[in-house]
Amino acid sequence: MSAPMNVALVGIGKIAIDQHVPAIAASADWTLAATCSRHGTVDGVAAYDDFDRLLAERADISVVSLCLPPVPRFDYAAAALRAGRHVMLEKPPGATLAEVHALQHLAEAQGLTLFATWHSRMAHAVAPARAWLQDKRVTRAHITWREDVRKWHPGQDWVFEPGGMGVFDPGINALSILTEILPEPVHLTGAELEFPDNRATPIGAQLRFSGNVSADFDWRQEGPQTWDIEVETDAGHLALRMGGNVLEIDGKAAAGENTIMGEYPALYARMADLVRTGQSDVDLAPMVHVADAMTLGRRMTVAPFDF
Ligand code: NAP
C-alpha cells in the first residue's frame, strides 16, 4: 500500500462539495491538504484564496485538482504545471481545444501527469456496454439528454457565457460515453443549436453524426429527467440509462446500479494510478464533437432564459 498523496482542491463550489470532497475523504490514496477558492472553504482544511501563495508555500502538495468552470481553469492549470504539480481537470477539460493541447505539451515538457477527467465514463454500466458492443455492428444510435438547468446549475450564469458551453456542459457527458462505447469513431455532420435571445450559449441542440448516430440535448426539461443512449446493432438493442449507470440488452436489465456515487472515487483512483506510473490521460474526442457542432451548427434564436 503506497502512502497517501496530498492534493489541493481549487474552486470550492457545487461539484467540489457534492463529489470531490467526499471522494477524497473516502480514499486511502489521497489527503485533502488545502483548498484554494475566493469564497469557498472545507471545514478543517487549510484554505487559501491566492493560488500563487499556495504553490509557493506548500511544497508538500504534489497534485492539484481543478473544479473551476472551464474558462478560468487554464491559468490555474498552467501555473500548477509550471510549479511542478500534477494536474487533474474537471470536464470539459478547457474552454478551447487549443488550450488543452497547450497544457498537454506543458505537462509533457515538465514530466508531469495531466488527467482530463470524464466522470460519466466511470458510470457503472459504461464498461459493460463497451465490452458488449465491441464485436457488434452498430446500425443506429440515439442520445436523449434532457434535464432542468435550474435544478442542476441554479443561478450559474457562467454556463450561458462564452466558453460555458450551454447545454453542451451536460451534453458532453453523453458524448464522453458515446466516444467510449462505440466500436468505430463517428464525426458530426450537422446540428441545430437553440440560443436563448438573451444568452451566448445554446439551451438546446440536435446533432447528427456519421453512422446513423444522433443526439437530442435539452436543458428545459422539467419533471422526470432523461439521460439515455440507445444503440441498435446487428445482434440486438442496447440501452444505457441514468447517465450510463444502468445497462439494458433487448429491454432486459443486464448490468449497473442506479447511483452516480461511484464516478468520482473511480476518477481519483485513476489519478493515483496515473501519478504513480508517470502517465497522462487526455482524450479530447468528446470536446471535438462540441467544437464541431459550434462550427457546423445552424444557430436558431429561441425564447429568453432567466434562472
Ligand atoms: P460552480 O459551483 O459555479 O463553480 C465552482 C467554483 O469555482 C465557484 O464556487 C467559485 O468559487 C469558482 N469560480 C467560479 N468562477 C470563477 C472565476 N471566474 N475565477 C476563479 N474561480 C471561479 O460550478 P460547478 O457546478 O462546481 O462546476 C465546475 C466544473 O465542474 C464545471 O466544469 C462543470 O462542468 C463540472 N461539473 C459540474 C457538475 C454539477 O453538477 N454542477 C457535475 C459534474 C461536473 P469561489 O467563488 O470560492 O472562487
For the range 194-209, enumerate the residues that are over 19 Å from the mean Cα position of the chain (by Cα) and in a loop (DSSP other than H, G, I, E, B). Asp197, Asn198, Arg199, Ala200
If we keep only residues of the range 18-30 that are surrounded by fewer than 17 Cβ atoms within 10 Å (Cβ to Cβ) and touching a residue at least 24 places away in the same chain (Cβ under 8 Å), then the residue farthest from the ligand (Cβ to nearest atom) is Ala28
Within the group Ile143, Ile177, Ile181, which residue is within 14 Å of the ligand (Cβ to nearest atom) and in the same structural domain as Arg241 (by TED's automatic domain parsing)? Ile177
Got a number for residues in the range 78-102 being more than 15 Å from the ligand (Cβ to nearest atom) and of a type outside the set (Lys, Arg)? 8
Would you mind stating whether Pro170 is within 16 Å of the ligand (Cβ to nearest atom), of a type outside the set (Gly, Ala, Ser) and out of contact with any Leu (no Cβ under 8 Å at 6 or more places or on another chain)? yes
Tell me which of these Leu207 doesn't satisfy, since it passes every other one: (1) of a type in the set (A, V, I, L, M); (2) out of contact with any strand residue (DSSP E or B) (no Cβ under 7 Å at 6 or more places or on another chain); (3) open to solvent by less than 20 Å² (accessible area, probe 1.4 Å). (2)
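Conditions tested, residue by residue: (1) surrounded by fewer than 20 Cβ atoms within 10 Å (Cβ to Cβ); (2) outside any loop (DSSP other than H, G, I, E, B); (3) in contact with a strand residue (DSSP E or B) (Cβ under 9 Å, 6 or more places away or on another chain).
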{"site": "Ser2", "(1), (2), (3)": "yes, no, no"}
{"site": "Ile15", "(1), (2), (3)": "yes, yes, no"}
{"site": "Asp43", "(1), (2), (3)": "yes, no, no"}
{"site": "Leu54", "(1), (2), (3)": "no, yes, yes"}
{"site": "Ile61", "(1), (2), (3)": "no, no, yes"}
{"site": "Val64", "(1), (2), (3)": "no, yes, yes"}
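The values are calculated or read from the model by the stated rules, or taken from the named source; none is laboratory data. Quantities reported herein were computed from a predicted structural model and do not represent experimental measurements. Cβ atoms come from the backbone with ideal geometry, glycine included; neighbour counts cover every protein chain shown. Accessible surface areas use protein heavy atoms only, side chains included; no ligands, DNA or RNA. Shrake-Rupley method; radii C 1.70, N 1.55, O 1.52, S 1.80 Å.
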